[in-house]
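Report on the following structure.
The values are calculated or read from the model by the stated rules, or taken from the named source; none is laboratory data. Everything numeric in this text was worked out from a predicted model, so none of it was measured. Cβ placement follows ideal geometry from the backbone for every residue including glycine, while neighbour counts extend to all protein chains displayed. With ligands, DNA and RNA removed, areas are computed over all heavy atoms of the protein, side chains included. Shrake-Rupley method; radii C 1.70, N 1.55, O 1.52, S 1.80 Å.
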Amino acid sequence: MKNENFLSIKFLLGLILIILFHACSDKSSYEQEALKKISRLEALMNKAKEKSIDVVREETLLWFSKEFLKFANWDETNKDAVEKLFGYYAQYEKDKEKYAEELPDLERQKVIEMLDKGIENLNLILEGSITRRPVNKIDWQNIEVGEDELLSNGKPVFLFDYFSKTVGSPLTNTNIYNDHLGAIFHGGENLYPVDHDRAINSFLLNEDGTFDEELMKEVTGISNTNVGFLLYWNMGIPEWLEKREPEVRKGRSLFTGYDVDNPLVREVWGKIIRKTGELTKGKKVTQLGYILSNEPHWFSEKGHWTQKYKEMNSISSYTLNKFKTWLADKYDQKIRELNKNWKSSFSDFNEVEVEIPMDTSKRGLPIWYDWCRFNMDRGIDWFTFIQQELRTTNPDADTHIKIMPKLFTDHYRSHGIDLEALTELTSMIGDDAMTLGGRDLRTSKPAKWESKYAYFWEELAMSYDFMESVAPDKIHINSETHFLSSSRWKDLHTSPDYVRNCFWLATLHGMDVGISWFWARDADGSPEDRLEGELDFFDPALAGSYAGSANMQPQTVNEVAQVYMDMNSFSEEILALRKQRKPIRLFYTETSAINKKSYIKEQFELYESLYFEGFPIGFATEKIIKKQENSQWDVVVVHKTPFVTDKEFSALQTYLDNGGTVIMDNNSISKNEYGQERQQNLKKGKGEIVLLEEGSDLDDVKNITLKTISENNHDLVLTESNGTPHKGCTWRVTKNTVGVYLMTILNVGKNSAQLKIGLKNGNKVNGINMLTGQSLGDEFELNPMGVLLLEVKEN
């Protein structure tokens, strides 16, 4: 019996050992495969070097491959920590154990896929089947800031990096700041849960008016070697300030933690801004400007998500008094006029009251317009104040604001952000535009874009064309790109093609710097300090951001670096494509956007109908018409825009008087900002008014518009067949001095596209893929999310 028991135990132990052996073997097999492929790639790189072939792209591929194999091992050894991080994101929480279990091998598999592609490409180069330009490596320490472009080694350059980058790691850590992850020095990153580190923040000033010298060193001690930016982190305020001013947080917003109309806030921030501006003047860390605010907004309508926070659910006495003064100016001190408009009975402006948050049923009424317009004006006033304070001690300081473009492309208008005015105010364009590579994870309902497109590009393209119309000659910095992930979307299997397409698209639309959200791995693979331990921040964005992000996706971060290497190798060509005249201008006004909920949706529908016709689209506003040379466009299209101010009406009339062309429908320009019928009609003057027939649809508007510009458009045409009634390929073309066409095509459609290029006169052409040197002829296929840069010659 003893022997039988012994044999049974021995058998079971043996079985357990076999199972463990196979489990360990399986887990390491992906790593072993990846290591073999790394050796193979290194051997090919040596052959390429012997032939003087540039292998900078492969060096980056190797670096990410080795790093993520290390990260996978950390994730495998620390599954409890990884599981906890998955649990912070609602859509992953239910299956957090499964995600944590699968992650290490997923990372290894993605490394293998990257290596396979890299090996294949290098083999093709060695065979002579494809060619490519050497990489124009970014010289992070010697960036020149031009009027409307950045330069490295005398050539235009596009910069990339990651926002909120591994806080706690020194800027000198080459595992974090390098050619692969980017090397932009960030001043102001320790965003949660405190406001210290390298940010310019409220804690720099003591109650007695002196500065906290230790904290100030975090700002002034940033190495003066690399290009960078500084950030005003407005979220926190010291206890002494709250005790002295009980209303200081009343009317705050998410990342602006205080009332911007509060006199004490302005006194404190004025001192901080002037001092830090003086101490950082001329330093390289300010070459990409001072970010005046992180995602500012002051939503003030019922039902918006911000209303769940008590302090965002009201306004201070300072704001109310400011509103009363604004109203008195707006109504020329005539309270009877306000009462007539509001249907109120105030005896004077000092008695005016307003309920905030405001009921959305008031949209379209004078009280709604007045509040929303005032809220925007006070936002302009705040940022004007900040910029003026900075330039009292640092007159040449560049500035931008991290504005959320969805505040422009969404229908909300109670948020206090006038995108045009703020883009005009600062010396650089700033934003944090996003794309979505898939459905919003918070809903199971398909979005409208899913029926046509591979990803959601509306916010990016339309807002960028608007900002670039307002400020065509400014450097454009997206200081927190949400292309790789956001609170709304992330995907552990993100396609590198998607990454390439959206970064190329953003750059084509004007982006000079793309700083992605976000990088939070320490060099050993562990999450950086803020993500360790128990997380319980005021805003849970950081806690829920790590899981499923680029930190777990070697294929995405590698592709970011790869697409920037390609774009920088063709930077002059890309700039030639994007710096084109915008012949069609869509008329835009906040007056209609404030009053009419459907206004921005209707503007996008027109924009979308014209987006795939081969030329850049621009916008016209009252200010653009008055301040810019009108010969920069052929036509202004006014579409479903009933509400305009008298000044906006006059700007359009002046444009017509000077010979301009306006296409419009019967219902546009018909009311003032308060919905009162306008008695005047536009007159053609020396120009032309094309009045659309009643019932005209988008196709009618598009076709009439295209006829208006046909004589001024290019000679190259592209036809597309993708199995749907909708086009999916957006393209641009320009002609160089020797008669060769330069063309880029991006397929944002959900299907592959069969494409044909030719000349309007019927002559045949041949397209050469400039990224590979391969001839495509005049007919070829472009996969969903494919990107082409072509040299096109007539046969």
For this session: Go through the residues of the range 435-455 one by one and say whether even a single one is without any contact (Cβ under 8 Å) to a residue 24 or more places away in the chain and hydrophobic (A, V, I, L, M, F, W, C).
Result: yes
Problem set entry | Subset of the range 203-262 (residues that are farther than 17 Å from I273 by Cα, touching a residue at least 40 places away in the same chain (Cβ under 8 Å) and open to solvent by 30 Å² or more (accessible area, probe 1.4 Å)) | S223, N224, T225, E247, R249, K250
Problem set entry | From I689, I669, I663, residue being open to solvent by 30 Å² or more (accessible area, probe 1.4 Å), of a type in the set (V, I, T) and not in a helix (DSSP H, G or I) | I689
Seminar exercise, completed: Sole miss for A421 among (1) more than 20 Å from the chain's Cα centre (by Cα); (2) of a type in the set (G, A, S); (3) closer than 30 Å to E605 by Cβ is condition (1)
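Every residue in the range 141-172 that is assigned to a strand (DSSP E or B), hydrophobic (A, V, I, L, M, F, W, C) and farther than 24 Å from R521 by Cβ, please.
Listed by number, the residues that qualify are V145, L150, L151, V157.
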Exercise. Which of the residues that make up the range 732-781 are under 31 Å from the mean Cα position of the chain (by Cα) and basic (K, R)?
Worked result: R732, K735, K750
Exercise. Do any residues in the range 775-786 that are assigned to a loop (DSSP other than H, G, I, E, B) have Cβ atoms under 6 Å from those of residues that are surrounded by fewer than 13 Cβ atoms within 10 Å (Cβ to Cβ), where the two are at least six apart or on different chains, and which pairs are they?
Worked result: D778/K764
For this session: Just need a number here: residues in the range 355-379 that are open to solvent by less than 40 Å² (accessible area, probe 1.4 Å) and either of a type outside the set (G, A, S) or over 23 Å from K596 (Cβ atoms) (or both).
Result: 15
Seminar exercise, completed: Residue pairs qualifying under the 6 Å Cβ cut-off, at least six apart or on distinct chains, with the first in the range 625-637 being over 16 Å from D473 (Cα atoms) and open to solvent by 40 Å² or more (accessible area, probe 1.4 Å) and the second being modelled with pLDDT of 95 or more and in a helix (DSSP H, G or I), are K626/A651
Seminar exercise, completed: Of A90, A81, the only residue that is within 20 Å of L531 (Cα to Cα), among the hydrophobic types (A, V, I, L, M, F, W, C) and open to solvent by 60 Å² or more (accessible area, probe 1.4 Å) is A90
Exercise. When you go through (1) at pLDDT 95 or above; (2) open to solvent by 50 Å² or more (accessible area, probe 1.4 Å); (3) not β-branched (V, I, T) one by one for K308, which number turns out not to apply?
Worked result: (1)
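Any idea how many residues of the range 744-765 are part of a strand (DSSP E or B), open to solvent by less than 40 Å² (accessible area, probe 1.4 Å) and not small (G, A, S)?
Residues flagged as part of a strand (DSSP E or B), open to solvent by less than 40 Å² (accessible area, probe 1.4 Å) and not small (G, A, S) within the range 744-765 amount to 8.
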Seminar exercise, completed: Looking across the range 766-795 at residues that are on the phi > 0 side of the Ramachandran plot and touching a strand residue (DSSP E or B) at 6+ places or on another chain (Cβ under 8 Å), the single one that is least open to solvent (accessible area, probe 1.4 Å) is G777
For this session: Considering only the range 482-534, state which residues are open to solvent by less than 10 Å² (accessible area, probe 1.4 Å), among the acidic types (D, E) and over 28 Å from M785 (Cα atoms).
Result: E528
Problem set entry | Positions within the range 287-305 being among the hydrophobic types (A, V, I, L, M, F, W, C) and either under 11 Å from H400 (Cα atoms) or crowded, with 17+ Cβ neighbours inside 10 Å (or both), in sequence order | L288, I291, L292, W298, F299
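Against the condition of a type in the set (D, E, K, R), in contact (Cβ under 8 Å) with a residue 40 or more places away in the chain, surrounded by fewer than 14 Cβ atoms within 10 Å (Cβ to Cβ) and within 30 Å of F211 (Cα to Cα), how does E278 come out, does it pass?
The answer is yes for E278.
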Exercise. Which one of the conditions (1) outside any helix (DSSP H, G or I); (2) at negative phi; (3) touching a helix residue (DSSP H, G or I) at 6+ places or on another chain (Cβ under 9 Å) does G364 fail to meet, given that it meets all the rest?
Worked result: (2)
Seminar exercise, completed: Of the residues in the range 322-354, those that are under 26 Å from Q307 (Cα atoms) and surrounded by fewer than 11 Cβ atoms within 10 Å (Cβ to Cβ) come to E353
Exercise. Quick one: which of E107, E120 is surrounded by fewer than 19 Cβ atoms within 10 Å (Cβ to Cβ) and either out of contact with any helix residue (DSSP H, G or I) (no Cβ under 8 Å at 6 or more places or on another chain) or touching a residue at least 60 places away in the same chain (Cβ under 8 Å) (or both)?
Worked result: E120
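For I584, indicate whether it is more than 27 Å from T719 (Cβ to Cβ), touching a helix residue (DSSP H, G or I) at 6+ places or on another chain (Cβ under 7 Å) and open to solvent by less than 10 Å² (accessible area, probe 1.4 Å).
Judged against the criteria, I584 is not a match.
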For this session: Kindly provide the set of residues from the range 45-60 that are closer than 19 Å to E559 by Cβ, charged (D, E, K, R) and not in a helix (DSSP H, G or I), ordered by number.
Result: D54
Problem set entry | Failed criterion for P134 (all others in (1) buried (at least 21 other Cβ atoms within 10 Å of the Cβ); (2) at pLDDT 95 or above; (3) not in a helix (DSSP H, G or I) hold) | (1)
Exercise. Taking the range 535-549 as the region of interest, how many residues are modelled with pLDDT of 85 or more and either open to solvent by 20 Å² or more (accessible area, probe 1.4 Å) or aromatic (F, W, Y) (or both)?
Worked result: 1
For this session: Quick one: which residue in N153, N142 is without any contact (Cβ under 8 Å) to a residue 60 or more places away in the chain, on the phi > 0 side of the Ramachandran plot and either within 28 Å of the chain's Cα centre (by Cα) or surrounded by fewer than 16 Cβ atoms within 10 Å (Cβ to Cβ) (or both)?
Result: N153
Exercise. Restricting the search to the range 692-743, which residues are of a type in the set (K, R) and in a helix (DSSP H, G or I)?
Worked result: K702, K707
Exercise. Is it true that L390 is modelled with pLDDT of 95 or more, under 18 Å from the mean Cα position of the chain (by Cα) and surrounded by 18 or more Cβ atoms within 10 Å (Cβ to Cβ)?
Worked result: no
